[in-house]
Every structure is written in C-alpha cells, then in structure tokens.
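**Student:** Right, I'll just put the structure down here and ask away after.
Every number here is computed from the coordinates shown, using simple stated rules; none is lab data. Just so it is clear, the structure is predicted and the values come from calculations on it, not from any experiment. Glycine also receives a Cβ, built like all others from the backbone with ideal geometry; neighbour counts cover every protein chain displayed.
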Amino acid sequence: MLQCFFYGTGQSDEGICVELQIAQYSVLLDCGLRDLSVLQTLQPPDLILCSHADPDNSRSLLLLHQKFPDVPIYSSIVTAQLLELGSSSPLIQTLDWRSSTELLPNLTVQLFPAGHLPGAAIILLTDTSGETRDDRPQTLLYAPDLSLTNSRLTDGLKLEELRGLFPDVLIISGMYGTDRYPHRRQLETQLMETIDRALISGQSVLLPVPALGLAQEILILLRSHHLFSGRSVTVALDDAIADQCDRYEQIIPTFPSSIQNFARYQSLFLDSTIRPCIQRLPLCSKTVAVPQIILVSQPETSGQPLPALVQILMERGKWLLLFPHTSHHHFEMPALSTKSYALPNHCDGSTLPQVIHTLRPQHVVFIHGTPLKLLQLAELDDLNSRYKLHIPSSGTGLELPIADFFNAPPVPDVSYEGELIETETEILISLPRDLTADPRWKVLSNLGLIRAQWQGNSLIIRGISQRDPRLY
Ligand SMILES: [Zn+2]
C-alpha cells in the first residue's frame with residue numbers, strides 16, 4: 001500500500017506539494033505552495049524531492065528549508081542551477097539523470113528528463129523493503145509536468161526510456177485535458193507571423209510571460225526565426241526575465257546541439273550589439289525610444305498594475321497585447337487590442353494517453369490542471385477501463401492498494417504524429433523515434449522499403465518486401 005496526502009494538487013493556483021508514505025518514510029514531492037500554513041500538521045519529512053524549477057513546483061522550497069533545515073532537498077543538476085536559492089552553502093543536493101540512487105535504506109530514486117523545461121525530471125521512487133520477504137518492489141512514478149515535443153531549448157521526453165518501468169502508481173499532470181494542439185513548429189511560426197504583422201502595421205507588442213521557460217523560448221525564436229534574425233528590432237525585458245536569461249546562459253551545455261552551435265557564434269539572449277537587439281528595460285523612460293517588443297513577467301495574481309515604466313512607454317504609441325492561452329493572471333490593462341497564442345509545453349490530449357499506455361500503471365493520479373480538464377481525461381474509456389484513475393483535491397489523502405499481479409488489458413494501437421517536409425526533389429516524412437520501440441518496427445525497418453497509397457483523402461504507408469511485392 002502506498003499513501004499520499006495532497007497539500008496542493010495545482011487544480012487552481014495553490015501550487016503543488018504531495019506527501020508520499022513509502023517504505024516507512026515520508027517523502028515530500030515538490031513544494032510550490034503559495035500558502036505554507038497548510039503544512040502546519042506536517043511532521044519533518046525524511047527527504048524532499050523537487051521535480052523542476054517552475055514556481056508551481058518550487059515556489060516555497062526556501063521557506064520549507066527554513067522550517068525543516070535538516071531535511072535534505074534533491075533535484076536534477078540543472079534544476080538546482082535554475083533555482084539558485086541564494087544560499088552560500090548549496091541548499092539543494094543534485095542527482096544525475098537515470099542513475100538509481102539509494103537515498104535511504106530500501107528507498108531508491110531515479111530521475112528521467114521530462115521535456116517541458118530545462119532540468120525538469122520525472123521521478124521514479126522504488127520501495128525495495130519487501131525484497132527480503134520475496135515481495136516485489138513497489139514503485140511510484142511522479143511526473144508532474146512532461147512533454148514529448150521538442151521545444152527550442154528542451155528536448156522532449158524520450159518515451160522509450162520509460163518503456164518497461166510499469167510503475168504501480170503514476171502521478172501525472174493533466175494540464176491540457178483532452179485538448180489537442182497543432183505541431184509546435186507550426187504554432188511557433190504563427191506567433192512569429194503575428195508579431196511581424198503587428199510591427200509592420202506600426203504597433204509595438206507587449207508579451208506578459210512566465211519569467212522562466214516561455215520567455216526564453218520566445219527570445220530564441222526572435223533570435224533565430226527568419227522573420228526576425230538580423231532584423232533591426234529592439235526587444236526589452238524586465239529584470240526578472242533578464243535574470244533568468246543570465247541563468248540560462250550557465251546551462252548552455254545542456255541545450256539541444258543546434259542551440260549550442262548557435263551559441264558558439266552569438267549570444268542567445270541579452271545583447272544590444274546584434275540584431276534583434278535584446279536588452280533590459282532601461283531605468284528611465286524619458287530619453288529612450290519605445291521598444292518594438294517588450295516581455296514582462298506575468299503577475300503572480302490578477303489585477304496588478306503594469307510596471308510604471310511600461311505604462312509610460314505604452315502611452316507613447318500603439319500596442320498589441322499577446323498573452324499565452326493558459327495564463328491565469330492578467331495585469332490591469334488599459335483598453336488595447338489583444339490576441340492569444342499557444343506554445344504548449346505539456347503533453348496534450350493525444351500524447352498523454354500514449355504516455356500512460358506505455359507505462360501501464362495500476363493507479364493513475366491526475367494533478368496540475370483545472371478540475372474540468374482532469375475530468376475530461378478521467379472520462380476517457382480508453383483510460384478508465386484499464387487503470388484506476390484518481391483526481392484528488394488539495395487537502396485530501398489517498399490510499400493506493402497495490403495488487404501483486406496486475407495485468408493491464410492490452411493497449412490499443414496508438415497513432416504517431418510527424419512532419420512532412422517537401423523538398424525540390426522528394427518528400428521526407430519524419431516520425432518520432434518512440435515508434436521504434438514496437439517490435440513490429442523491426443520487421444518494417446528490415447524491409448527498408450515502403451509504399452504509399454491514397455485511400456480517399458488519407459495516405460496509407462505500408463512496408464513492402466523486394467522479393468514479395470505483397471503488402472505487409
Ligand atoms: Zn512546470
């Protein structure tokens with residue numbers, strides 16, 4: 001039996017914090033609570049694990065450390081670098097990717113890259129205390145945020161790494177519910193085109209964004225996208241975003257290789273000597289020209305006024321406000337034209353079931369999404385006919401009995417989404433590598449030849465053998 005108590009499930013904006021009872025220990029998973037008073041009844045845990053540096057997961061780690069100074073806190077190396085909690089002796093101890101570490105007797109912990117954000121981890125906890133009695137180990141996989149899609153600065157989660165883990169319990173984010181999104185590259189292009197059109201029509205663009213993650217993704221797009229690379233445009237950042245950019249400079253060796261190459265020749269973020277010019281918002285507005293693009297960090301609660309300097313700049317010109325589609329909090333804004341855009345960094349309604357079917361857990365616990373989005377997932381027949389699904393509220397506990405033998409019903413065939421690239425001489429189809437984990441892939445790849453055939457408006461791809469032209 002595994003037991004959890006959810007101090008915060010992230011169903012609204014309370015942040016995430018889960019206490020897990022495993023192998024006679026109390027383990028605290030993340031601490032992004034806005035209000036630490038809900039932890040009043042908590043006894044000192046045996047250890048604290050932080051999945052990633054988003055405020056929802058890490059906001060109150062420092063306060064928690066002050067409350068329990070002797071309890072060790074662990075995270076991935078990059079998460080510790082991004083959090084930099086301002087202590088001279090390092091507050092967070094780090095764990096390498098993938099290596100299984102016995103942090104306490106009979107309790108091992110293993111981290112896998114989750115996609116989503118640099119350093120973000122999926123955490124596997126294994127209770128081996130039953131092994132002396134020949135009981136099999138009990139496992140819980142904590143995956144608060146994850147994404148299979150590559151973003152500019154973070155490679156997506158490699159699903160084949162998780163194949164065969166079969167955790168007893170999976171705690172997972174259902175942020176987007178069953179919503180499906182177009183391919184990320186298409187959405188990136190849409191955003192760049194929206195900004196381009198605004199600038200051409202004489203508007204400046206204001207983007208309130210989370211200071212960590214989305215801000216840097218948008219800046220890299222402005223640096224590298226053909227609509228903006230080399231273009232004489234001024235981009236200004238508030239201090240919170242600029243400080244995070246400085247931290248990102250420290251972790252360049254962990255970025256995808258294309259970005260590392262790019263960084264060899266020019267600055268990724270702040271640099272006023274190249275185009276586009278990216279700089280901090282100046283301290284004084286009187287003499288400064290109005291920047292064409294401003295990124296300000298999204299407020300922690302709704303209805304806060306815009307920074308005074310931004311207000312002054314906005315009085316001097318026409319503006320377009322662009323906000324991310326998932327943003328909960330808005331500034332108190334003057335009336336101006338607004339648009340929203342999506343650059344998703346979580347699994348969506350098509351990839352999340354794919355992850356769950358790959359893991360085949362006994363229990364799935366959905367967190368980090370509005371109750372409506374989480375319910376959409378729990379109502380999927382594909383999921384609720386196979387697994388025990390839970391949607392705990394903040395302030396409640398959950399007992400998770402583990403059956404010795406669990407045979408999840410066979411998994412339906414999943415579909416894979418890829419990209420089409422049309423060149424002058426041919427058409428290339430690229431598909432995610434997880435496809436190769438299926439044993440049928442080997443047969444197809446050994447054949448090495450495929451045949452494409454129209455069926456109505458669909459194009460069906462099959463393997464063909466050289467000797468036997470029958471379809472496989
Ligand atoms: Zn996150």
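**Student:** Based on DSSP H runs of at least 4 residues, each adding -39500 (n - 2.57), what is the mean residue ellipticity at 222 nm of the chain after dividing by all its residues, to the nearest 500 deg cm²/dmol?
**Tutor:** -6000 deg cm²/dmol
**Student:** What number in nm² do you get for the chain if you take the convex hull of its Cα atoms and divide its surface by four?
**Tutor:** 26.9
**Student:** Ok, one more. On alpha carbon coordinates alone, what is the Rg over Rh value for the range 248-330, Rh being the Kirkwood radius?
**Tutor:** That ratio is 1.03, to two decimals.
**Student:** Can you sort Val205, Val443 from fewest to most other Cβ atoms within 10 Å of each residue's own Cβ?
**Tutor:** By the 10 Å Cβ count, ascending: Val443, Val205.
**Student:** Report Rg (one decimal) and Dmax (nearest whole number) for the range 419-464, counting Cα atoms only, units Å.
**Tutor:** 12.1, 34
**Student:** Further, regarding this structure: Arrange the following residues from fewest to most other Cβ atoms within 10 Å of their Cβ: Arg133, Arg360.
**Tutor:** In order of increasing Cβ crowding within 10 Å: Arg133, Arg360.
**Student:** Ok, one more. Out of all DSSP beta bridges with both ends in the chain, state the antiparallel percent to the nearest 5.
**Tutor:** 50
**Student:** Arranged by the count of other C-beta atoms within 10 angstrom, fewest first, what order do Asp271, Asp168, Asp46 take?
**Tutor:** Going from sparsest to densest Cβ surroundings: Asp271, Asp46, Asp168.
**Student:** Can I ask one more? Could you work out the percent of alpha carbon pairs in the range 23-108 separated by over 18 Å, rounded to a whole number?
**Tutor:** Across the range 23-108, Cα pairs with separations above 18 Å total 40 percent.
**Student:** Now, a different point. Give me the three principal axis extents of the range 235-375 from the C-alpha atoms, as integers in angstrom, largest value leading.
**Tutor:** 63, 42, 20
**Student:** So for the range 342-381, what percent of the C-alpha to C-alpha distances run longer than 12 Å?
**Tutor:** Result: 66 percent of Cα pairs exceed 12 Å.
**Student:** While we're here: Note down, for the range 1-150, the three equivalent ellipsoid semi-axes (square root of 5 times each alpha carbon gyration tensor eigenvalue), biggest first, whole angstrom.
**Tutor:** Ellipsoid half-lengths, sorted descending, are 23, 18, 16 Å.
**Student:** How many angstrom lie between the C-alpha centres of the range 169-196 and the range 36-73?
**Tutor:** If we compute the Cα centre of each part, the gap is 30 Å.
**Student:** For the range 419-464, build the charge dipole from Cβ charges (+1 Lys, Arg; -1 Asp, Glu) around the Cα centre, then report which of Ile429, Trp441, Ile460 sits farthest towards its positive end.
**Tutor:** Trp441
**Student:** In terms of Cα to Cα distance under 15 Å, which aspartates and glutamates are near enough to Lys442, apart from those fewer than 8 places away along the same chain?
**Tutor:** Partners within reach: Glu160, Asp434.
**Student:** Assign unit charges at the C-beta atoms only (+1 for Lys and Arg, -1 for Asp and Glu), then state the dipole size of the chain relative to its Cα centre in Debye, rounded to the nearest 20.
**Tutor:** 1300
**Student:** Note down the relative contact order for the range 184-341 as a percent, whole number, built from C-alpha pairs under 8 angstrom at least six residues apart.
**Tutor:** 32 percent.
**Student:** Translational diffusion coefficient, Stokes-Einstein: compute it for the range 166-320 using the Kirkwood radius over C-alpha pairs as Rh, at 10 °C and 1.306 mPa s, and state it as an integer in µm² s⁻¹.
**Tutor:** Estimated diffusion coefficient is 93 µm²/s.
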